[in-house]
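The values are calculated or read from the model by the stated rules, or taken from the named source; none is laboratory data. These numbers come from a predicted model, not from an experiment. Quick reminder, even Gly has a Cβ in these numbers, built from the backbone with ideal geometry, and neighbours come from all protein chains shown.
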Amino acid sequence: MQNSNSLIKPGFWQSAGKNPFWINVVDNHVFWLGMNQKTNDINLGENWCHVGHGIINEDKIELSWADIPVGKDKLYGKITIKIIDETHIKVIEDSGNFGKSEWEWVHPIKSFSSLQK
């Protein structure tokens, strides 16, 4: 089943720091995978890689996340994100190291291999 009535677009998102996030929305549930971007010194997901699950409540996403043993970090926390519009979201409260980061929707699909280049 696919959900077409979400407040944000599912697919590939990027943080202001250019870190990749894949987000899916099912009813009012948000699922995501986020990781550090590839640089000359660090491979994709090598420093941190986390998964999250949350709920859309009005114009906010309330999400719990945790690093998975792909990257070096072993952090976890909660985050509240304001939905600006269907292609822009912004952190307004977090217990991690997100700061007041913003994300922008880029594309419905993006493969890992396309980010390795």
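Considering (1) without any contact (Cβ under 8 Å) to a residue 40 or more places away in the chain; (2) in a strand (DSSP E or B); (3) surrounded by 13 or more Cβ atoms within 10 Å (Cβ to Cβ), the lone condition that His53 does not fulfil carries the number (3). Output the residue which, of all residues in the stretch 56-73 that are in a strand (DSSP E or B) and touching a residue at least 24 places away in the same chain (Cβ under 8 Å), is surrounded by the fewest Cβ atoms within 10 Å (Cβ to Cβ). Among those residues, the one meeting the criterion is Asn57. For the stretch 1-50, a residue qualifies if it is surrounded by 18 or more Cβ atoms within 10 Å (Cβ to Cβ) and of a type in the set (Gly, Ala, Ser), and the qualifying residues are Ser6, Ser15, Gly34, Gly45.
From the list Leu33, Leu7, the one residue that fits, being more than 14 Å from the chain's Cα centre (by Cα) and aliphatic (A, V, I, L, M), is Leu7. Scanning the stretch 91-103 for residues that are in a strand (DSSP E or B), surrounded by 15 or more Cβ atoms within 10 Å (Cβ to Cβ) and not aromatic (Phe, Trp, Tyr) returns Val91, Asp94, Glu102. Screening Gly52 on (1) at pLDDT below 95; (2) within 11 Å of the chain's Cα centre (by Cα) shows it passes everything except condition (1). Only one of the numbered conditions (1) at pLDDT below 95; (2) closer than 27 Å to Ser113 by Cβ; (3) part of a strand (DSSP E or B) is violated by Trp13, and that is (1).
Has the stretch 34-42 got at least one residue that is closer than 17 Å to Phe112 by Cβ, free of Cβ contacts under 8 Å to residues at least 60 places away in the same chain and assigned to a strand (DSSP E or B)? Within the stretch 34-42, one or more residues are closer than 17 Å to Phe112 by Cβ, free of Cβ contacts under 8 Å to residues at least 60 places away in the same chain and assigned to a strand (DSSP E or B).
Of all the criteria given as (1) of a type in the set (Ser, Thr, Tyr); (2) in contact with an Asp or Glu (Cβ under 6 Å, 6 or more places away or on another chain); (3) farther than 24 Å from Ser6 by Cβ, the one not satisfied by Thr80 is (3). Among the conditions (1) at pLDDT 95 or above; (2) out of contact with any helix residue (DSSP H, G or I) (no Cβ under 8 Å at 6 or more places or on another chain), Phe98 misses just one, which is (1).
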